[in-house]
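Input: a single structure, listed below in structure tokens.
The values are calculated or read from the model by the stated rules, or taken from the named source; none is laboratory data. All values reported here derive from a predicted model rather than from experimental measurement. With ideal geometry, Cβ positions are generated from the backbone for all residues, glycine too; neighbour counts draw on all protein chains shown. Please note that ligands, DNA and RNA were not included when accessible areas were found on the heavy atoms of the full protein model with its side chains. Shrake-Rupley method; radii C 1.70, N 1.55, O 1.52, S 1.80 Å.
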Amino acid sequence: MNITYHAGERFLQRVFHLTSYTKYQVFQAIKLIEKDIFNVHHRNKNFILPSFPDFNCIVKENALVTIIPK
């Protein structure tokens, strides 16, 4: 599954409450999300972010496009 840059930004904003961040931080967030969802079987459907159960992952065309609060 691909994780979009937008999803990395929303992860930093919504989970860690950051208002400013660097591209490096976004790419590190994407790596963290990849590790977290590695074993999730989603079948192209939205799912709960395993390490942060108060947040949902939104999937479109086999890409995680954003992260929203429950």
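At a glance:
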{"item": "Simple spin-label estimate for Thr19 and Phe47 in nanometres, 7 Å along Cα-Cβ", "result": "3.5 nm"}
{"item": "C-alpha long axis of helix 5-14 to longest principal axis of the chain, angle in °", "result": "70 degrees"}
{"item": "Carbon/sulfur fraction of accessible area - segment 14-66, other protein chains in place, 1.4 Å, %", "result": "54 percent"}
{"item": "DSSP beta bridges in the chain [antiparallel fraction, %, rounded to 5]", "result": "80 percent"}
{"item": "Principal-axis tilt of helix 23-37 within the chain, Cα atoms, nearest 10 degrees", "result": "30 degrees"}
{"item": "Mean projection area, nm², convex hull over Cα of the chain", "result": "4.1 nm²"}
{"item": "Mean ellipticity per residue at 222 nm, deg cm²/dmol - from DSSP H runs of n ≥ 4 across the chain, formula -39500 (n - 2.57)", "result": "-11000 deg cm²/dmol"}
{"item": "All lysines inside 20 Å of Lys35 as judged from Cα atoms, apart from same-chain residues fewer than 8 positions distant", "result": "Lys23, Lys45, Lys60"}
{"item": "Solvent accessible area, Å² - Phe47, 1.4 Å probe, full protein context", "result": "30 Å²"}
{"item": "Accessible area in the full protein assembly, largest first, 1.4 Å probe, for Tyr5, Tyr21", "result": "Tyr5, Tyr21"}
{"item": "Relative contact order, percent, the chain [alpha-carbon distance under 8 Å, six or more residues apart]", "result": "39 percent"}
